[in-house]
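Have a look at the structure below, then the notes.
Laboratory data are not the source of any read-out in this text; all were calculated from the coordinates shown. This one's a predicted model, so the numbers in the text were calculated from it and none came from an experiment. Every residue, glycine among them, receives a Cβ derived from its backbone with ideal geometry; neighbour counts consider all protein chains shown.
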Amino acid sequence: MWHFATLGLGGNLGDPAAAMAHALQRLDEREDCRVLDVSRLYRTPPWGKTDQADFYNACAAIETRLEPEALLFACLDIEREMKRVRSERWGPRTIDIDILTYGDIELHVDVLTLPHPRMTQRAFVLLPLADIRPDLAVSGRSVASWLSASDQTGIQVANENRAWWRG
């Protein structure tokens, strides 16, 4: 059975756009995942820890046969394959893949909380997510509604072509 999920991707070390494209291609190559839609690519100021380079961010809508935790582990495997090192919370990174939503599931386990607990506070997530699913309900409101109440200062479209990830 296929399940709908949304992912947030980002990075600010090396070539983040190429890293995110590679991660999406790796997911799409799997027999248990299909990339349905990808947002435009955004350049965003750092959040949380602000003394670092700007980030690049995007969101993707996927279908998967994996259960939520298995999808998380698949994403973490791709991050590890791409040499992601987790040294500092909100710090610089080559690639980050977050599960934002998984169907209508609300989940709170040690390794995963769904929907992503801070996504509605982050314009760098909401803006690309609104490109692909503005009507998606998250915590009782649409992505577009959350976005209208968010601070989008400094966020710029880096690539209008939503096929940027295909290479």
Q) Using alpha-carbon pairs under 8 Å, 6+ residues apart, how would you state the relative contact order of region 3-166 in percent? A) 33
Q) Can you tell me the Rg and Dmax of the chain, counting just the alpha carbons, in angstroms? A) 14.6, 44
Q) HN-Hα J couplings of region 23-33 from phi, Karplus 6.51/-1.76/1.60, θ = phi - 60°, integer Hz, Gly and Pro as x? A) 4, 5, 5, 4, 5, 5, 6, 5, 6, 9, 9
Q | Segments 106-114, 30-38 sorted - mean Cβ within 10 Å per residue, highest first | A | 30-38, 106-114
Q. Considering amide H positions built from the backbone, and no H for Pro or chain starts, which residues 5 or more places from SER142, or on another chain, come under 5 Å of its amide H?
A. none
Q) Which loop-located trypsin sites (Lys or Arg not before Pro) does region 91-136 contain, where loop means any DSSP state but H, G, I, E or B and the Cβ has at most 16 other Cβ atoms within 10 Å? A) ARG118
